[in-house]
Amino acid sequence: MSSNSSAVSMTTGPIWKRIIFFAIPLFFGNLFQQLYNTADSLIVGRFLGSTALAAVSSSGNLIFLMVGFFNGLAIGAGVVVAKYYGAKRYHIVQRTIHTIMALGLICGIVLTFIGVLAAPQILVLMGTPSEVLPNSITYFRIYFCGSLAFVMYNFMVGILQSVGDSRHPLIYLVISSIVNIVLDLLFVGVFHWGVGSAALATIISQFISAFLCLGQLMKSPEEYQVHISKIRIDFLVLRQIISNGLPSGLQNSIISLANVVVQSNINKFGEMAVAGCGSYSKVEGFGFLPITCFALALTTFISQNLGAKEYGRAKKERFSAFYVPLPSPS
């Protein structure tokens, strides 16, 4: 492996250290993402009022419903990469990552059309308050014009994390978070462009992070380097990605569908209830960060070790991940 690689093999070394040191950047990366999502609501509520805040809030669960399935596929794709990377079958890693890139492009385009075309009908079915509906449609449609960036970013981060690189995704999330907050303040607070500009700021920052991820993958070591000319579907690999990612995608969709039903009932109480519930959900998101990041770290560890046929080590990870040695008494 090249000396400039940021990848970390999870098949050797102290198990608890590998898991924790891999999970820490994941935690801070997701923390920054949650912070800039919260900043969106704070800035919109501060400068545009409760109606605009309700418009952003009413779209949140619906956005997760649309995006969650593809995020599940990204997790499945990462599992396949991690297994072959752990097994050092780098020629299949190459086929896998280029299939992932092609799948991401297709999913991003499909999601763009679904989100833009279906927005009004779905929001009406959810019972979105009439005074909130125009802004909700505007926010939703602009947001989903950036679907390609969201999907590709998640798929590419899945590749990096599957080979043990959680540092670069953290850096890119910090950059995109800062860009998003600055653009929010500029578009909403200075130019007064309205609620749609908050969605525009988000997709610009997401495209930046996606291009940064792509640049990193294009200059990565050959084992997992992306070559634009090689991006194509390998159907044998695609079947593995779908078989691993479909359960996770469906799970995300079922959870988010339940949240959409709850949101539909909240919508009946008017814009203030919608705005209040949306604000709470931003705070609630912080509580799930440690669990989510730890689960992602375990997924990478176990997948790499299964690929390397380190079955005993993979079994130990399930237990040692919960045990951190304490210093010996002096």
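Computed from the Cα positions only, the extents of segment 54-184 along the three principal axes stand at 57, 30, 17 Å, in decreasing order.
Solvent-accessible area of segment 205-281 (1.4 angstrom probe, protein heavy atoms only): carbon and sulfur portion equals 69 percent. Label positions at VAL116 and HIS192, each projected 7 Å from the Cα along the C-beta direction, are separated by 3.0 nm. Scalar couplings 3J(HN,Hα) for segment 86-103, obtained by applying the Karplus form with A = 6.51, B = -1.76, C = 1.60 to θ = phi - 60°, are x, 7, 6, 9, 5, 5, 7, 4, 4, 4, 5, 5, 6, 5, 4, 4, 5, 5 Hz; x denotes Gly and Pro. Amide H contacts of ASP234: THR99, each under 5 Å away and 5 or more positions distant or on a separate chain (H built 1.01 Å from N in the peptide plane; Pro and chain starts excluded). When peptides 147-159, 42-54 are ranked by their average number of other Cβ atoms within 10 Å per residue, the highest-first order is 147-159, 42-54. Rounded to the nearest Hz, the phi-derived 3J(HN,Hα) couplings of segment 239-249 under the Karplus curve 6.51 cos²θ - 1.76 cosθ + 1.60 (θ = phi - 60°) are 4, 5, 4, 5, 5, 7, x, 4, x, 5, x, where x marks glycine and proline. Using the Cβ-Cβ distance between ILE204 and GLN225 with R0 = 25 Å, the FRET efficiency computed as 1/(1 + (r/R0)^6) comes to roughly 0.40. Using only Cα coordinates, the Kirkwood hydrodynamic radius of segment 183-275 works out to 17.8 Å.
How are the Cα pair distances of segment 128-252 distributed, in percent, across 10 Å bins from 0? Answer for segment 128-252: a P(r) of 12, 32, 32, 18, 6, 0 percent.
Once the 1.4 Å probe is applied to the protein heavy atoms, segment 10-97 comes out at 37 Å² accessible per residue.
Heavy-atom surface analysis with a 1.4 Å probe gives segment 39-129 a carbon and sulfur content of 74 percent of its accessible area.
Spin-label model, SER264 to LYS88: label points 7 Å out along the Cα-to-beta-carbon direction sit 5.4 nm apart. For the modelled label position 7 Å from the Cα of LEU125 along Cα-to-Cβ, which residues of segment 42-72 have backbone nitrogen atoms closer than 17 Å? Hits in segment 42-72 for LEU125 at 17 Å: 59-69. Here the Karplus curve 6.51 cos²θ - 1.76 cosθ + 1.60, taken at θ = phi - 60°, turns the phi angles of segment 20-34 into couplings of 5, 5, 6, 6, 4, x, 4, 4, 5, x, 5, 5, 5, 5, 5 Hz, with x standing for Gly and Pro. Rounded to the nearest 0.05, what FRET efficiency do LEU105 and LEU257 have when you use their Cβ-Cβ distance and R0 = 25 Å? FRET efficiency, LEU105 to LEU257: 0.45. Rg/Rh for segment 65-142 stands at 1.21; both radii use Cα atoms, and Rh follows the Kirkwood definition.
So with the 1.4 Å probe, I'd like the accessible area per residue for segment 113-158, rounded to whole Å². Present the calculation step by step, with values, prior to reporting the outcome.
Working: 1790 Å² over 46 residues.
That works out to 39 Å² for each residue.
The values are calculated or read from the model by the stated rules, or taken from the named source; none is laboratory data. Keep in mind that this is a model prediction, so the values were computed, not measured. Note that we place each Cβ from the backbone using ideal geometry, even for glycine, and neighbour counts take in every protein chain shown. In case anyone asks, the SASA skips ligands and DNA or RNA and just uses the protein heavy atoms, side chains included. Shrake-Rupley method; radii C 1.70, N 1.55, O 1.52, S 1.80 Å.
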